[in-house]
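K.L.:
The structure under discussion is supplied below as structure tokens; questions concerning it will follow.
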Amino acid sequence: MKSSKHLIQYNLKRSQRKTVSIYVERDGEVMVMAPKELSDTAIDELVDSKAASIFKHQAELEELNQVKKTREAVNGESYLYLGRNYRLELVEKQETPLKLKDGYFLLQKKHAPKADQIFKQYYKEKGAKRIPERVRYYEKLMGLTTSEIRIMDLQNRWASCNTKGDLNFHWKCMMAPLKVLDYIIVHELAHLIHANHSEAFWNEVDKVLPDYRERKNWLRVNGAGMDL
């Protein structure tokens, strides 16, 4: 559901929650999470009261999104994996369509037309192994228990969670450095304790990652380049 009655257009999602959370997605769209019983008028007024901050955030994202890169599956193109750029080399034959070897991504030439699909699957498979390991490590530190962990396409979010303890991570997370991947994981785990981005939420993140601001800023600046 989208509201356009006032200053800010936003997507609205209601649930059994007690507070309102306002997010500016990476594409500039505004998402509002609100309690079921809160009126549309009250939500409009609250969102409009944050208009200056929202517009500023949208302007920053528009500038950062200008560095978004479209990759072509040709020799020499660079692809990100865990924070490093690896050059692509097209090869005639190998046992799998894509693999990382000797500092190069090797892609079978016949699969070049569907390179995006193959890279997405590669990131999903690597994420399905790496991310649960990191989640288990940090959930112990934070005294939490999670449930299902999925690697998928989340459009404009790096990760999401629900009250059952299920965690979803975008396959693009596997393009980030390990330090930043850990920040995304801890950020989402902290949401199992605090649903919003309150001071208490950030204190929870800070307990585990005292340098989270540096990691968060890396993601803000470089996130647009983490694409195919």
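The values are calculated or read from the model by the stated rules, or taken from the named source; none is laboratory data. Treat the numbers as computed from the prediction; the structure is a model and nothing was measured. Neighbour counts are summed over all protein chains in view; Cβ atoms, including those assigned to glycine, are modelled from backbone coordinates with ideal geometry. Quick note on the areas: whole protein, heavy atoms, side chains included, nothing else; ligands and nucleic acids left out. Shrake-Rupley method; radii C 1.70, N 1.55, O 1.52, S 1.80 Å.
K.L.:
Contour minus end-to-end for residue 11 and residue 179, with contour as 0.36 nm per residue of separation and end-to-end as the Cα-Cα distance?
P.N.:
Values: separation 168, 0.36 × 168 = 60.48 nm, distance 3.11 nm.
Fully extending the segment from residue 11 to residue 179 adds 57.4 nm.
K.L.:
Can you give the calculated 222 nm mean residue ellipticity of the chain, where each DSSP H run of n ≥ 4 adds -39,500 (n - 2.57) and the sum is split over every residue, rounded to the nearest 500 deg cm²/dmol? Can you show the working numbers first?
P.N.:
Working: 6 runs with 87 residues, N = 228.
Roughly -12500 deg cm²/dmol at 222 nm, from the helical runs in the chain.
K.L.:
Show which aspartates and glutamates lie in cross-link reach of residue 120 when reach means a straight Cα distance below 13 angstrom and same-chain residues fewer than eight apart are skipped.
P.N.:
153, 227
K.L.:
Still on this structure: Determine the percent antiparallel among the DSSP beta bridges restricted to segment 30-161, to the nearest 5.
P.N.:
On the way: 8 of 13 bridges.
Around 60 percent of the beta bridges assigned by DSSP in segment 30-161 are antiparallel ones.
K.L.:
What percent antiparallel are the DSSP beta bridges of segment 77-118, to the nearest 5? Walk me through the intermediate numbers first.
P.N.:
Working: 8 of 13 bridges.
Taking every DSSP beta bridge with both residues in segment 77-118, the antiparallel ones total about 60 percent.
K.L.:
In what sequence, highest mean first, do 147-155, 167-175 appear when ranked by Cβ atoms within 10 angstrom?
P.N.:
Numbers: 147-155: 14.1, 167-175: 22.8.
With the highest mean Cβ count within 10 Å placed first, the list reads 167-175, 147-155.
K.L.:
Could you check the simple spin-label distance between residue 207 and residue 112, using points 7 Å along Cα→Cβ, in nm with one decimal?
P.N.:
Taking the two extended label points, one gets 5.3 nm.
K.L.:
Output the 0 to 90 degree angle, nearest 10, between the alpha-carbon long axis of helix 199-208 and the longest principal axis computed from the alpha carbons of the chain.
P.N.:
Here the helix axis deviates by roughly 30 degrees.
K.L.:
Expressed as a whole percentage, what fraction of the accessible surface of segment 10-68 belongs to carbon and sulfur atoms when a 1.4 Å probe is rolled over the protein heavy atoms?
P.N.:
Values: 1790 of 3570 Å².
Of all accessible area on segment 10-68, carbon and sulfur atoms account for 50 percent.
K.L.:
Under a Cβ-Cβ cut-off of 11 Å, what is the net charge of the residues other than residue 108 that fall near it, where Lys and Arg count +1 and Asp and Glu count -1? Can you show the working numbers first?
P.N.:
Working: positive: 93, 99, 109, 110, 114; negative: 89, 92, 95.
Once positives and negatives cancel, what remains is +2.
K.L.:
A further question follows. Over segment 177-228, with every protein chain in place, what whole percent of the accessible area is carbon and sulfur at 1.4 Å, could you tell me?
P.N.:
Values: 1150 of 2290 Å².
Ligands and nucleic acids excluded, carbon and sulfur give 50 percent.
K.L.:
Now a separate question. Among 121, 221, 176, whose Cα projects farthest towards the positive end of the dipole of segment 99-228, with charges put on the beta-carbon of Lys, Arg (+1) and Asp, Glu (-1)?
P.N.:
Value computed over the given set: 121.
K.L.:
What per residue convex hull volume, in Å³, do the alpha-carbon atoms of the chain yield? The partial results should precede the final answer.
P.N.:
Details: hull volume 31.2 nm³, N = 228.
Looking at the chain, the number lands at 137 Å³ per residue.
K.L.:
Round to the nearest 10 and give me the degree value, 0 to 90, for the angle of helix 51-64's Cα axis relative to the longest principal axis of the chain.
P.N.:
10 degrees
K.L.:
Right, next: Calculate how steeply helix 115-142 sits against the longest principal axis of the alpha-carbon atoms of the chain, using the helix alpha-carbon long axis, and give the answer as 0 to 90 degrees to the nearest 10.
P.N.:
It is inclined by approximately 60 degrees.
K.L.:
Counting only C-alpha contacts under 8 Å and six or more residues apart, can you give the relative contact order of segment 76-150 as a whole percent? Display every interim value, and only then the final one.
P.N.:
On the way: 63 pairs, mean separation 13.9, N = 75.
So the answer I get is 19 percent.
K.L.:
Then there is this: Multiplying the sequence separation of residue 87 and residue 162 by 0.36 nm and subtracting their Cα-Cα distance, what value in nm do you get?
P.N.:
On the way: separation 75, 0.36 × 75 = 27.00 nm, distance 3.75 nm.
Contour length minus the Cα-Cα distance gives 23.3 nm.
K.L.:
Which percent, to the nearest 5, of DSSP beta bridges fully inside the chain are antiparallel? Please list the in-between numbers first.
P.N.:
Values: 17 of 31 bridges.
Just about 55 percent of them are antiparallel.
K.L.:
What accessible area per residue, rounded to a whole number of Å², is obtained for the chain using a probe radius of 1.4 Å? Write out the running numbers ahead of the final one.
P.N.:
Values: 12790 Å² over 228 residues.
The answer is 56 Å² per residue.
K.L.:
How would segment 77-118 be classified by its alpha-carbon gyration tensor: rounded, prolate or oblate, with rounded meaning a/c under 1.5 and the a/b versus b/c comparison settling the rest?
P.N.:
Values: a/c = 2.01, a/b = 1.46, b/c = 1.38.
Verdict is prolate for segment 77-118.
K.L.:
Continuing with this model, one more query. Restricting attention to the alpha-carbon atoms of segment 122-225, what are Rg (one decimal) and Dmax (integer), both in Å?
P.N.:
Looking at segment 122-225, its Cα Rg and Dmax stand at 12.6, 37 Å.
K.L.:
Ignoring ligands, DNA and RNA, what percent of the accessible area of segment 114-162 is carbon or sulfur (1.4 Å)?
P.N.:
Ligands and nucleic acids excluded, carbon and sulfur give 42 percent.
K.L.:
Count the net charge of all other residues whose Cβ sits under 12 Å from the Cβ of residue 140, scoring Lys and Arg as +1 and Asp and Glu as -1. Walk me through the numbers on the way to the answer.
P.N.:
Working: positive: 134, 136; negative: 133, 139.
Computed value for this residue: 0.
K.L.:
Right, next: What Kirkwood hydrodynamic radius do you get for segment 10-68 when you take the inverse of the mean 1/r over all pairs of distinct Cα atoms, in Å?
P.N.:
Details: mean 1/r = 0.0819 Å⁻¹.
For segment 10-68, the Kirkwood estimate is 12.2 Å.
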